[in-house]
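Q: Got a structure for you, questions after.
The values are calculated or read from the model by the stated rules, or taken from the named source; none is laboratory data. It should be emphasised that the depicted structure is a prediction, and the values quoted were computed from it without experimental measurement. Quick reminder, even Gly has a Cβ in these numbers, built from the backbone with ideal geometry, and neighbours come from all protein chains shown.
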Amino acid sequence: MNKNYFVDKLNVIKMDDRIEMGVAAAKETAELIRKILLTKEDVNIIFASSPYLLDVYKAMMNEKIEWNRVNAFHMDEYVGISVEHKASFANFLRNNLLGKVPVKNAFYMNGLNDPEEECKRYANLLEQYPVDITMLGIGTNGHLAFNDPYLADFFDEKAVKINHDMDDECRRQQIVDGWFAAVEEMPKASITITIPAMLKAPYTITVVPGEAKKDIIKKTLEGPIGLDVPATALRLHRNAKLYIDAASSADLVI
């Protein structure tokens, strides 16, 4: 049974079917884009590079969206790999969305650049193009982008920073998601947009399907707000929506 309810300020939309959920999130995002473009020349969007959002991105390509008025960002990247690398998040977005629609600009992080300089460059772009919508996933350790629990800061003064040593749970998820064959192949460091920079957007859409996410969804929605579960920051956002399916919501008391 589908259900729509609030946890603090966070609007939670629970849907039984994963594909149906992806279509609904895509329609919601498309409506927001059209609404914003009534008052602005362009719309600036941060896209999560997550296989859990593939249903959403596929459905968005069928929506009526003026892609030529969209400036696109992604939220994290591994240090030391190129934008063409098979595991690059820039490459993921290019192959699954941004390379298939005529966006105005696609601003990709480059993992081969000096990390500190790349953080500055990307932060400057975010200042130049203030974000209107952030599309997110939630990691199995509760991270948003690569803001792992030990690194997360709800009041971070930086817009973009380096995660010098991603935690074990985060690294395991990258293996499960198929980005690398073994932990030894993975870069240890990454670049990430910070939580306040992502949630500075007036609107956020988070999509979390699948049984692998049921434990962290329970912690996100039924546990205390805090840095142990960075995703709980969504409960403080004034216009945040979280889409979950039957599998990811299986442990919730609703």
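Q: Would you check if LYS161 is surrounded by 16 or more Cβ atoms within 10 Å (Cβ to Cβ) and of a type in the set (Lys, Arg)?
A: Here the answer is yes, as LYS161 does meet what is asked.
Q: For the list (1) part of a helix (DSSP H, G or I); (2) touching a residue at least 12 places away in the same chain (Cβ under 8 Å); (3) among the aliphatic types (A, V, I, L, M); (4) surrounded by fewer than 23 Cβ atoms within 10 Å (Cβ to Cβ), I need the number of the one condition that ALA197 fails.
A: So ALA197 meets the others, but not (4).
Q: Here is a further query. Inspect all residues belonging to region 23-45 and state whether any of them is surrounded by 22 or more Cβ atoms within 10 Å (Cβ to Cβ) and out of contact with any strand residue (DSSP E or B) (no Cβ under 6 Å at 6 or more places or on another chain).
A: yes
Q: Right, here's the next one. VAL253 passes all but one of (1) crowded, with 20+ Cβ neighbours inside 10 Å; (2) aliphatic (A, V, I, L, M); (3) part of a loop (DSSP other than H, G, I, E, B); which number fails?
A: Status for VAL253: all satisfied but (1).
Q: Continuing with this model, one more query. Could you tell me which residue of region 152-181 is nearest to the chain's Cα centre (by Cα), considering only residues that are assigned to a loop (DSSP other than H, G, I, E, B) and free of Cβ contacts under 8 Å to residues at least 24 places away in the same chain?
A: Going through the qualifying residues, I end up with GLU157.
Yes/no per residue for (1) in a helix (DSSP H, G or I); (2) charged (D, E, K, R):
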residue	(1), (2)
ILE191	no, no
ALA201	no, no
ILE205	no, no
LYS213	yes, yes
ILE216	yes, no
LYS219	yes, yes
ALA231	yes, no
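Q: Wholly within region 40-147, which helices (runs of 4 or more DSSP H) include no fewer than the required count, namely at least 1 residues that are β-branched (Val, Ile, Thr), on the phi < 0 side of the Ramachandran plot and modelled with pLDDT of 95 or more?
A: 54-60
Q: Please tell me if ALA24 is under 22 Å from ARG238 (Cβ atoms), small (Gly, Ala, Ser) and without any contact (Cβ under 8 Å) to a residue 40 or more places away in the chain.
A: Against the criterion (under 22 Å from ARG238 (Cβ atoms), small (Gly, Ala, Ser) and without any contact (Cβ under 8 Å) to a residue 40 or more places away in the chain), ALA24 does not qualify.
Q: Within the group PHE154, PHE146, PHE180, which residue is out of contact with any Gly (no Cβ under 8 Å at 6 or more places or on another chain), surrounded by 24 or more Cβ atoms within 10 Å (Cβ to Cβ) and among the aromatic types (Phe, Trp, Tyr)?
A: From the options PHE154, PHE146, PHE180, the qualifying one is PHE146.
Q: While we're here: Kindly provide the set of residues from region 77-117 that are of a type in the set (A, V, I, L, M) and more than 17 Å from the chain's Cα centre (by Cα), ordered by number.
A: Listed by number, the residues that qualify are VAL79, ILE81, VAL83, VAL101, VAL103, LEU112.
Q: Would you point out which residue out of ALA87, ALA123, ALA59 is surrounded by fewer than 23 Cβ atoms within 10 Å (Cβ to Cβ), touching a residue at least 24 places away in the same chain (Cβ under 8 Å) and more than 26 Å from LYS213 (Cβ to Cβ)?
A: Going through ALA87, ALA123, ALA59 in turn, just one is surrounded by fewer than 23 Cβ atoms within 10 Å (Cβ to Cβ), touching a residue at least 24 places away in the same chain (Cβ under 8 Å) and more than 26 Å from LYS213 (Cβ to Cβ): ALA123.
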